[in-house]
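The values are calculated or read from the model by the stated rules, or taken from the named source; none is laboratory data. The structure presented is a predicted model; accordingly, all values stated were derived computationally and were not measured. So basically every Cβ, Gly included, is an ideal-geometry build from the backbone, and we count neighbours across all protein chains shown.
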Amino acid sequence: MRPNGSPQQLEKRRCHAIELLKKGLDPSQVAAKVGSSLSSVYLWREMVQDKGRKALEAKPIPGRPTKLKPRQRQSLTGILLKGAFDYGYSTDLWTQRRVAEVIEKEFDVQYHPNHLWRFLGSLGWSCQKPEKRARERNEEAIRHWMRYKWPHIKKR
């Protein structure tokens, strides 16, 4: 599993580990100080011996770059927080299809609705399932029943 931190922070950690090794610390002590596994310290030491200090440099992140820039992502979060009513939808429920439409209208970027859940998850949003309630539901009658009838029915 990849440790937390940006590629530059991880590179700095690897270089710090090599400097500690050069000062004469044991690999187990170095691993404890930099917060890595012992095998990683041995691997870094071997990489530096084989390829030099350049082997510890941060490598570019593989994969396709995101379609929306960080500022656009913040703007989208603001739109989503205002709610679907404010954007002109009949209900206040954000569906993946609606979010895809908003992204296309606002930023001229296309996302397929079926794959949008990953992107929304990276923004901190999760799938929500609306509660099903009858339209005829009478909250006052339910409260009255729960307060006066239910205590007599339930076993004591």
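The table below gives the values:
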quantity	calculated
For Pro151: the one exception among (1) in a helix (DSSP H, G or I); (2) out of contact with any helix residue (DSSP H, G or I) (no Cβ under 6 Å at 6 or more places or on another chain); (3) surrounded by 12 or more Cβ atoms within 10 Å (Cβ to Cβ)	(3)
Count of residues meeting criterion [over 30 Å from Val99 (Cβ atoms) and exposed (fewer than 13 other Cβ atoms within 10 Å of the Cβ)] in the range 44-71	9
Failed criterion for Glu136 (all others in (1) modelled with pLDDT of 90 or more; (2) assigned to a loop (DSSP other than H, G, I, E, B); (3) over 30 Å from Val99 (Cβ atoms) hold)	(1)
Residue satisfying condition, being over 17 Å from the mean Cα position of the chain (by Cα), at pLDDT below 90 and surrounded by 12 or more Cβ atoms within 10 Å (Cβ to Cβ), within set Tyr111, Tyr87	Tyr87
Selected residue (criterion: surrounded by the fewest Cβ atoms within 10 Å (Cβ to Cβ)) from residues of the range 119-148 that are farther than 19 Å from Thr95 by Cβ and among the aromatic types (Phe, Trp, Tyr)	Tyr148
Counted residues, the range 91-145 - those being out of contact with any Phe, Trp or Tyr (no Cβ under 7 Å at 6 or more places or on another chain) and either closer than 22 Å to Ser75 by Cα or hydrophobic (A, V, I, L, M, F, W, C) (or both)	33
Residue under evaluation Ser6, criteria (1) more than 25 Å from the chain's Cα centre (by Cα); (2) of a type in the set (Ser, Thr, Tyr); (3) surrounded by fewer than 14 Cβ atoms within 10 Å (Cβ to Cβ), criterion not met	(1)
